Amino acid sequence: MTAVDRIALVGLPGSGKSTIAPLLAERLGWSCVDLDAEIAVSTGRGPAEILAGDGEEAFRELEFATLDAVTQRPGSMVIACGGGLIGVAAARTLLIDRCVVVWLDAPDVVLINRLGDASDRPLLGGSATTGIPLLRGRRERAHQTAHLRVDTDDVPETVASKIAAALESAVAVAIPDGRYHVGVRPGGLDDVALHVPSAAKRVAVIADRAVPQAADRLVASLRSSGMSTTVLRIAGGESAKTWGAAGRLLDRLGRARLERNDCVIALGGGTVGDLAGFAAATYLRGVAWVNVPTTLLAMVDSAVGGKTGVNLSRGKNLAGAFWQPRAVICDPEVLVSQPHRSYRSALAEIVKYAMIAETPLVETLDAHLDALVARDLEVLTATVRECCAIKSRVVSSDDRDAGPRAVLNYGHTVGHALEAAAGMGETLLHGEALAVGLRAAGMLSIRELGCPARDIDWQDAMISRCGLATSLVFDPERVLEHMRADKKHVAGTLGWVLLAGRGIPRSGQHVPERLVREALDAVLAP
C-alpha cells in the first residue's frame, strides 16, 4: 500500500490519546482501535489490574502482541496506544515501520491537571505531580522518534482536525529504516512545523529566492510554533547545483550553529531540494531534513526518493548521496505563481509516469489535460498525489537505486544528455529535454521490444498536446558523448529503460549504437 492507512497516537498519560483517536477516525472515515480496550476484551482484565497482578514486563509483552495483531488487520485505522508502549524498542520499531506515529504532547501542568489524583495510574506512583515529570524524562527520547508532534493544549476536536488535515490522503514511502510520508494538499505549507523533529532546537530554511512569499509564510509558521529559524536564501536552477555551492551552503549551516538534532527545510524547486538535501546529508554526517517543493516538477518527481546531489563538469548528478527526507510536503497552492514555461515542462514527467505504470493518469490526461494546464486545484492535487504514489511504490522497492528503481529513468538517458549538451542552464529545461528523450525511447521500444505502436503514438500525441513537441537542434554526436558519461554506464555499456507496452517498463536494455544514432537523428532537427 502507498496510502497512509495506519496512524498511531502515542504520548504521556493525560495527553488525550483515547479521546482524540475516535474523533480523528471519524474525520478520516477510518476505524478506531484502543489497545487498552483490546487487551481488556481479550483478557477480561484492565491494564491496571494486569500491571498490579503480573508486573509491567508481562503487560508490555501482551501489549506488543496486541499491537502486532491489530496492525495486520485489513482496513485503515487510528490506534490509541498505551502510554508506555513507545518505550519498548521492539514496539517502537513496529510502530515506525507500519504506522505514521503521532506524539500527542502538552505541558506537564496541563497533563497533571487532567489526571487529577492519578490513583488509577500505577505507573505514576499514585501522584501525577511527581509521576509525569519522571515519565517524561524516561520516555522523551522514545517519543522523539515519532513522525509528528502535535500539541494537545487545545480542545480535542481542534487537535483531531489538525492531524487529519496533515495526514489525510498522504502517501507512505516505506524504506528499510522505517517510513516517511508525502503530504499533498492545499494549505500544506502551514503544517510543516508538525513534521520537524521534536528534538530540533534550530531550523534552517534553505529557500529559493524565486518564492519569497512562500518563504515568508513558512518562516512565520515555524516561528509562531516557537522554533528558532534561520533563513538561507539561494538561487535555484541547474547552474546552482555545483560543488562550490554545496561547500558554501555547508559553511552557512555551520554559521547558523545547527546541531546534530536540528533540521534543514528545503523550500524550492528540484535543484534547491537536491542541493539542500545533499547539504543535510553531509553536514555533521547527516541531519534531518524536510522537503517542501514549490515547482510541479519537484512535486511529481525529485522531492520523493532521497536522491540528493550536485552536477559535475562531466555530467548531471555525478556527486551526491542517498538521504531520505523526514517528510515531503506538497502544497499545490504555491504553484499558482510558478512561471508558465517551467510549469508546462513538468508535464513531461507526468506523461512518463503514465507510460511506466498502470495508473489512472492516462484517463486524467485524456480528459483533464486542459484543466491541469490551467492549474485547476482539484485536478492538480489529484495528479500530484498519483505521481507521488507511483514513485513511492518504486522507491519503497528499491530505496538505494540498485535495480527496480531504474524504471523511473524512462526517457532520461537522452534527456539528461541533452541537458548536459545545453550547458545545464535555463536554455533547455529538464521537462523539455525529457520530452525529446521520451520520443527517442519510444522509438527504440517499438524496434527493440515490440512495444505496440499505438502506445507510443499516445505518448507522442500527449507530448504534443502538452506543448512540448518542439524541434531541438543538437549534434547527435555531442549528445552521444554526454550519454557515455551517464552515471548508469557500467563496463562501457549503457542500460536503457524501454517499454514492452504502456505500463510494462524494462530496465537494463542494451541498444546497438547504430539504432541509438537513428533515434537521435529522428528526434533532433538538423
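The values are calculated or read from the model by the stated rules, or taken from the named source; none is laboratory data. Please read all numbers here as calculations on a predicted model, not as lab measurements. With ideal geometry, Cβ positions are generated from the backbone for all residues, glycine too; neighbour counts draw on all protein chains shown. Side chains included, ligands, DNA and RNA excluded: accessible areas come from the protein's heavy atoms. Shrake-Rupley method; radii C 1.70, N 1.55, O 1.52, S 1.80 Å.
Some points to look at:
- Against the test of being buried (at least 20 other Cβ atoms within 10 Å of the Cβ) and touching a strand residue (DSSP E or B) at 6+ places or on another chain (Cβ under 6 Å), the options Val211, Val182 yield a single qualifying residue, Val182.
- Of the set (1) in contact (Cβ under 8 Å) with a residue 40 or more places away in the chain; (2) outside any helix (DSSP H, G or I), all apply to Pro74 but (1).
- Of all the residues in segment 3-12, those that are crowded, with 21+ Cβ neighbours inside 10 Å and either touching a Pro at 6+ places or on another chain (Cβ under 7 Å) or assigned to a loop (DSSP other than H, G, I, E, B) (or both) number 3.
- Filter result for Asp301 (at negative phi, out of contact with any helix residue (DSSP H, G or I) (no Cβ under 6 Å at 6 or more places or on another chain) and acidic (Asp, Glu)): no
- Among residues of segment 426-451, those that are assigned to a helix (DSSP H, G or I), within 22 Å of Gly237 (Cα to Cα) and either in contact with an Asp or Glu (Cβ under 6 Å, 6 or more places away or on another chain) or of a type in the set (Val, Ile, Thr) (or both), counted: 2
- Search result, residues across segment 26-48 that are in a loop (DSSP other than H, G, I, E, B), surrounded by 14 or more Cβ atoms within 10 Å (Cβ to Cβ) and of a type outside the set (Phe, Trp, Tyr): Arg45, Gly46
- For segment 374-388, the set of residues classified as assigned to a helix (DSSP H, G or I) and open to solvent by 10 Å² or more (accessible area, probe 1.4 Å) consists of Leu377, Glu378, Val379, Thr381, Ala382, Arg385, Glu386, listed by residue number.
- Search result, residues across segment 341-373 that are farther than 28 Å from Phe278 by Cα and open to solvent by 40 Å² or more (accessible area, probe 1.4 Å): Glu358, Pro360, Glu363, Asp366, Ala367, His368, Asp370
- Scanning segment 65-74 for residues that are within 27 Å of Gly131 (Cα to Cα) and surrounded by fewer than 18 Cβ atoms within 10 Å (Cβ to Cβ) turns up just one, Ala65.
This table checks each residue for (1) among the β-branched types (Val, Ile, Thr); (2) modelled with pLDDT under 95; (3) under 20 Å from the mean Cα position of the chain (by Cα).
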position	(1), (2), (3)
His368	no, no, no
Thr381	yes, no, yes
Ile390	yes, no, yes
Ile446	yes, no, no
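Residues are listed down the side, and each one gets a yes or a no for (1) open to solvent by 60 Å² or more (accessible area, probe 1.4 Å); (2) of a type in the set (A, V, I, L, M):
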{"residue": "Ile50", "(1), (2)": "no, yes"}
{"residue": "Arg60", "(1), (2)": "no, no"}
{"residue": "Ser76", "(1), (2)": "no, no"}
{"residue": "Leu94", "(1), (2)": "no, yes"}
{"residue": "Asp117", "(1), (2)": "yes, no"}
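- The residues of segment 123-136 that are open to solvent by less than 70 Å² (accessible area, probe 1.4 Å), assigned to a helix (DSSP H, G or I) and over 15 Å from Gly87 (Cβ atoms), listed by number, are Ala128, Pro133.
- If the condition is being farther than 22 Å from Ala522 by Cβ and open to solvent by less than 10 Å² (accessible area, probe 1.4 Å), then segment 399-445 contributes only Arg405.
- Residue check, Pro339 in contact with a strand residue (DSSP E or B) (Cβ under 9 Å, 6 or more places away or on another chain), under 30 Å from Pro212 (Cα atoms) and of a type outside the set (Val, Ile, Thr): no
- Residue that is most open to solvent (accessible area, probe 1.4 Å) [pool: residues in segment 463-481 that are aliphatic (A, V, I, L, M), modelled with pLDDT under 95 and out of contact with any Asp or Glu (no Cβ under 9 Å at 6 or more places or on another chain)]: Val473
- Yes/no for Ala193 being more than 18 Å from Ala298 (Cα to Cα), open to solvent by 10 Å² or more (accessible area, probe 1.4 Å) and of a type in the set (A, V, I, L, M): yes
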